[in-house]
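Structure first, commentary second.
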Amino acid sequence: MKKWISVFIAAWVMVLAGCFDVIQETTLKQDGSGVITTAMDMSSIMEMLAQMGGVGDEKIEADSSLQVAPLLDSIQELTPEEKELLRDATAHIRVNSSSNKFLLSISTPFTKAEDISKIKAALGKAHIMEKAIDNVMNKEEDDINNPMEGAADDFKMAEVDDYFTTVASKGLFRRTLIKEKYDSLSKNELMQKMKEGLDQGMPPIKFVFLLSLPSPAKKAEGKNVVLSEDKKKIKIENTLDELFADPSRFEFAVEY
């Protein structure tokens with residue numbers, strides 16, 4: 001149990017310190033279907049534990065894929081429609097102390113682009129990443145009364161998507177700021193703790209958004225937009241401090 005407690009505490013510290021990247025990739029097909037994959041590389045946690053001697057001689061290894069469907073019925077925050085949208089989602093966790101790896105990802109397929117904004121909202125409400133961490137911790141430990149059970153309920157990720165709306169349809173993909181929601185940013189306890197960390201010199205979380213289009217982009221607008229040579233791939237790279245200073249840097253619009 002001690003080894004997982006160490007990882008969990010370190011993960012929480014890393015969230016506040018911002019020492020990881022979040023990569024969200026959306027792939028669109030010609031018929032409007034596709035997949036959204038959000039990945040977090042928190043391998044720095046394992047490196048930090050190794051330097052601090054937090055793991056000792058114990059090996060931490062987990063390579064687990066989790067079907068989201070069995071979790072949905074217990075998530076009361078989701079509507080029946082939202083549960084259906086997440087029915088085929090899959091979460092994956094890979095932890096290996098020997099190679100200093102700690103990788104989290106969740107992939108959610110969709111049948112029409114118009115559902116993307118609903119899927120993002122549902123993922124934010126369901127906190128699937130956190131529940132996947134909880135599931136793996138409980139699976140790896142054999143204690144009857146596991147003191148870490150439910151621990152991930154308090155392990156919340158920075159949900160930048162909460163402050164933006166995504167409009168996707170055939171030929172258009174756009175992300176814009178939700179001003180009313182952004183105005184409440186100062187009331188988000190986790191975000192304010194992270195802002196305090198940034199003010200104290202901690203490195204900001206990096207957010208990378210990748211968009212793969214079924215055909216070349218006709219127009220791509222946005223302060224941080226980078227277009228590939230074939231105009232089929234869009235990259236928008238931001239840092240958390242930009243959210244506080246200039247959220248418009250997260251906005252973009254693509255026509256294809």
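The values are calculated or read from the model by the stated rules, or taken from the named source; none is laboratory data. Since the structure is predicted, the reported quantities are computational estimates derived from the model, not experimental observations. Virtual Cβ from ideal backbone geometry, glycine too; neighbours counted across all protein chains shown.
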Here is a list of conditions, (1) surrounded by 12 or more Cβ atoms within 10 Å (Cβ to Cβ); (2) in contact (Cβ under 8 Å) with a residue 24 or more places away in the chain; (3) closer than 16 Å to V254 by Cβ, and Y182 meets all of them except one; can you say which number that is?
-> (3)
With the condition kept exactly as written, say whether any residue in region 113-125 is modelled with pLDDT under 90, under 18 Å from the mean Cα position of the chain (by Cα) and not in a helix (DSSP H, G or I).
-> no
Here the residues within region 205-228 that are over 24 Å from A113 (Cβ atoms) and surrounded by fewer than 18 Cβ atoms within 10 Å (Cβ to Cβ) are K206
Scanning region 192-233 for residues that are in contact with a Leu (Cβ under 8 Å, 6 or more places away or on another chain), free of Cβ contacts under 8 Å to residues at least 40 places away in the same chain and aliphatic (A, V, I, L, M) gives A217, A220
Here are some conditions: (1) at pLDDT below 80; (2) in a helix (DSSP H, G or I). K83 meets all but one. Which one does it not meet?
-> (1)
Sole exception among (1) surrounded by fewer than 19 Cβ atoms within 10 Å (Cβ to Cβ); (2) at pLDDT below 90; (3) assigned to a loop (DSSP other than H, G, I, E, B) for S64, by number | (3)
Subset of region 234-256, residues under 15 Å from L172 (Cα atoms) and surrounded by fewer than 16 Cβ atoms within 10 Å (Cβ to Cβ), comes to A253, E255
